[in-house]
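Some notes on the structure that comes next.
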Amino acid sequence: GAQVELGCRAEGRPPPLLTWFRGAQVLREEPGVPSLPLHLAQVSPGDSGTYTCVAENKHGRHNRSLELHVA
């Protein structure tokens, strides 16, 4: 039932599109912002899974993933 905030930051020229995924599902997406927090309110075991932040522009793509376990 607690809240969780996941952070994602990226810089680039041109500024990247930042996207949060849970598995293949897009959760949040914003072009040209330096950071994109993902706020999860009242997490439950159903929120467990792999969350990935992707930063992408015309020069390339980088991502970082984390595994969230909710007991």
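Could you derive backbone 3J(HN,Hα) for region 40-50 from the dihedral phi with the Karplus parameters 6.51, -1.76 and 1.60 (θ = phi - 60°), listing whole Hz in sequence and x where the residue is Gly or Pro?
For region 40-50, the Karplus curve yields 10, 8, 6, 5, 9, x, x, 8, 4, x, 9 Hz.
Quick check: with the 1.4 Å probe, what order do Glu67, Glu11 take by accessible area, largest first?
So the residues, ranked largest to smallest area, are Glu11, Glu67.
How much net charge surrounds Arg13 when only other residues with a Cβ under 14 Å from its Cβ are counted (Lys, Arg +1; Asp, Glu -1)?
Summing Lys/Arg as +1 and Asp/Glu as -1 gives -1.
Rank these by accessible area, largest first, 1.4 Å probe: Ser35, Ser65.
Details: Ser35 45, Ser65 75 Å².
If we order Ser35, Ser65 from most to least accessible, we get Ser65, Ser35.
Would you check the accessible area of Val26, probe 1.4 Å, heavy atoms only, in square angstrom rounded to 10?
Accessible area, nearest 10 Å²: 80 Å².
If you roll a 1.4 Å probe over the heavy atoms of the protein chains, what accessible area per residue do you get for the chain, in Å²?
Working: 4830 Å² over 71 residues.
The answer is 68 Å² per residue.
State the percentage of accessible surface on the chain attributable to carbon and sulfur atoms; use a 1.4 Å probe and exclude ligands, DNA and RNA.
Within the chain, the accessible surface is 49 percent carbon and sulfur.
Give me the one-decimal Kirkwood hydrodynamic radius in Å for the chain, with the sum taken over alpha-carbon pairs.
Value: 12.6 Å, from the Cα pair sum.
The values are calculated or read from the model by the stated rules, or taken from the named source; none is laboratory data. All of these numbers come straight from a predicted model, not from anything done at the bench. We place every Cβ from the backbone using ideal geometry, glycine too, and count neighbours over all the protein chains shown. Ligands, DNA and RNA are excluded from the accessible area calculation, which covers all protein heavy atoms including side chains. Shrake-Rupley method; radii C 1.70, N 1.55, O 1.52, S 1.80 Å.
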